[in-house]
Amino acid sequence: MQDKDNMLRLKRIGIDTYKENVVFMNKECCVYRAAGFQAMSKVKVIADSKTILAALNVVLNSEIVAAGQLGLSEQAFEQLGLPEGTKVLVDHPEPPASMDAVRKKISGDVLTQNDFIEITRDIVANRYSKMEMAAFLVACVETGLERSEVLAYTKAMAATGQMLKWDESLVVDKHCIGGIPGNRTSMIVVPIVASYGIPIPKTSSRAITSPAGTADTMEVLAEVELSPERLRQIVKEQKGCLAWGGTSRLAPVDDILITVERPLGIDAPGQMVASILSKKMAAGSTHLILDIPVGPTAKVRSRQYANQLRKIFEYVGDRIGIHLEILITDGTQPIGRGIGPVLEARDVMSVLRNDNDAPQDLRRKSLELAGRILEFHPNVRGGRGEAIAQEILDSGKAFDKMEAIIDAQGRRKHKPRLGSMIYDVKADKDGVVQSIDNYTINRIARLAGAPLDKGAGIYLYKKAGDRVEKGETLYRIYSEFEADFNFARSFVENRSSGYRLSDT
């Protein structure tokens, strides 16, 4: 422990370090020199009965942090909960004991339930650096996870946060494993199912490798950062919600790990299953429809792999008490026209309003999924669900329910606008659109700025099977910032447009 003469005064320096506690110490600080700290190491900040763990950054400029100060990032400042100027001690923390389990996994050993509990608890408690989390994730990818490990990992992730309980025998949910641009079916399924009266507390993660997740797109229309209490009240009143799982404290370790998975591009099978099912377990779901799109440029590229995933999902789902049904769907091209939060939100509302120009592929798939969910209800005969879903959509009840959910969550007064910089990608010859590369289209939309810039993305004018003439627009790229615009345009011009045209 530091001597009290060496206490430092807190300074809030206004830096967002996104789900990571970071503190800043001047290189000339006597505490830094005496304690032998190193940049990027973990430190323990202590004040009275409050303690946080954080990564240490060392600064040379005394205007940022003076020698007698300890600078705190926004997350660290809020977590410590003390005013600026408060005196604190800084000490070396004990290394996380669960790193022994990580080293076991690196060696290829099978981890126990207790190993996963200790690892996830330490991550949520900020005892892991980003490097240590990356080591854990990569070890799980490289050495693989046995299905018993996936089950243990799922339970451990769910136990790190809030566990919602409902006074209902039937609580449903729907999830897609992703990889298909657009495909914003959840925002249509939820109001249809809620209109029928079945509780559907839909919580989603933000995008990892895609241009938008359900939470990113719903955020265009309404508040998605809901406390567990507010989420519960909305579902009680409206039978449904579309929220981000992070602020609801549902399996919060998943949201922390996503910050490492995103830059590494990791979305391995075991991690995927644990991530999805831990959230559903924590949300109190009893029944789940899981959409696995299959296509040559989808996340799942063969039916064989889809069936392998099905077995893992069913194994874990059965053992955590979730009735799981899996739909293997067409993942050969994007669903809908818009890719990116604002454009996807427009597609969703167009379908819910029953507009004549609404994307019919998005409508059809949403009705199929909603119909299967409705058939979980004992009053709905098998095969009748889709017809009931269509009746709810066509009548306008689903639109009215969506409006009610938006108001309940908090309607956006100032909705984000489409990016002002536009680039049209045109056909270089006459022909027919033979295929669209999902991965490439996703990448271009992200280069354009999505999902961080909600108005960035791509609007598709042509889909597979459409005939085009030379010079006709295939799709339009939207960006708000010049750097993003140039990245996306350069990729299309020098690498690939993502479209393949045949000569006939």
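The values are calculated or read from the model by the stated rules, or taken from the named source; none is laboratory data. Model, not experiment: these values are computed from the prediction. Note: ideal-geometry Cβ built from the backbone for every residue, glycine included; neighbour counts use all protein chains shown.
Scanning region 33-73 for residues that are among the hydroxyl-bearing types (Ser, Thr, Tyr) and over 20 Å from ASN126 (Cβ atoms) gives a single hit, SER62. Applying the criterion of being among the small types (Gly, Ala, Ser) and surrounded by 22 or more Cβ atoms within 10 Å (Cβ to Cβ) to the residues of region 149-160, the residue that is nearest to ASP255 (Cα to Cα) is ALA158.
Within region 9-50, restricting attention to residues that are within 21 Å of GLU132 (Cα to Cα) and part of a strand (DSSP E or B), the residue that is nearest to the chain's Cα centre (by Cα) is VAL22. When you look at ILE312, is it assigned to a helix (DSSP H, G or I) and either within 21 Å of the chain's Cα centre (by Cα) or touching a residue at least 40 places away in the same chain (Cβ under 8 Å) (or both), yes or no? Yes.
The residues in region 141-168 that are of a type outside the set (Phe, Trp, Tyr) and over 21 Å from PRO228 (Cβ atoms) can be counted, and the count is 12.
Please work out if LYS365 is over 27 Å from the mean Cα position of the chain (by Cα) and at pLDDT 95 or above. No; evaluated as a whole, the condition is false for this residue. So which residues in region 185-200 are surrounded by 24 or more Cβ atoms within 10 Å (Cβ to Cβ) and either β-branched (Val, Ile, Thr) or modelled with pLDDT under 95 (or both), if there are any at all? Matches in region 185-200: THR185, ILE188, VAL189, VAL190, ILE192, VAL193, ILE200. Residues in region 416-424 include at least one that is farther than 13 Å from ILE477 by Cβ and among the charged types (D, E, K, R). Scanning region 165-176 for residues that are in a loop (DSSP other than H, G, I, E, B) and surrounded by 23 or more Cβ atoms within 10 Å (Cβ to Cβ) yields one hit, VAL171. Counting the residues of region 427-446 that are in a helix (DSSP H, G or I) and either over 20 Å from GLY338 (Cβ atoms) or outside the structural domain of ASP484 (by TED's automatic domain parsing) (or both) gives 0.
When region 414-429 is filtered for residues that are loosely packed, with under 15 Cβ neighbours inside 10 Å and under 24 Å from the mean Cα position of the chain (by Cα), the ones remaining, listed by number, are HIS414, LYS415, ARG417. Within region 265-275, does at least one residue satisfy the condition of being in a loop (DSSP other than H, G, I, E, B), at positive phi and modelled with pLDDT of 95 or more? No, there is no match, as no residue in region 265-275 is in a loop (DSSP other than H, G, I, E, B), at positive phi and modelled with pLDDT of 95 or more.
For region 448-461, the condition holds for no residue, the condition being that it is outside the structural domain of ALA207 (by TED's automatic domain parsing), surrounded by fewer than 18 Cβ atoms within 10 Å (Cβ to Cβ), assigned to a loop (DSSP other than H, G, I, E, B) and of a type in the set (D, E, K, R). Within region 466-481, being exposed (fewer than 15 other Cβ atoms within 10 Å of the Cβ) and farther than 19 Å from ILE339 by Cα holds for ARG467, GLU469, LYS470, GLY471, GLU472. Exactly one residue out of ILE234, ILE208, ILE256, ILE198 is over 23 Å from GLU344 (Cα atoms), assigned to a loop (DSSP other than H, G, I, E, B) and out of contact with any Gly (no Cβ under 6 Å at 6 or more places or on another chain): that is ILE198. Between GLN113, GLN75, the distinction of being touching a residue at least 12 places away in the same chain (Cβ under 8 Å) and crowded, with 16+ Cβ neighbours inside 10 Å belongs to GLN75 only. Does LYS413 satisfy the criteria of being touching a residue at least 24 places away in the same chain (Cβ under 8 Å), basic (Lys, Arg) and assigned to a loop (DSSP other than H, G, I, E, B)? No: the conditions fail for LYS413. Inside region 401-432, can you point out the residues that are among the aliphatic types (A, V, I, L, M), out of contact with any Phe, Trp or Tyr (no Cβ under 6 Å at 6 or more places or on another chain) and within 27 Å of ASP503 (Cα to Cα)? Selection gives ALA427, VAL432. Kindly evaluate ILE477 against the criterion of being touching a residue at least 60 places away in the same chain (Cβ under 8 Å), within 26 Å of PRO296 (Cβ to Cβ), in a strand (DSSP E or B) and not assigned by TED's automatic domain parsing to the domain that holds GLN360. Criteria not met by ILE477.
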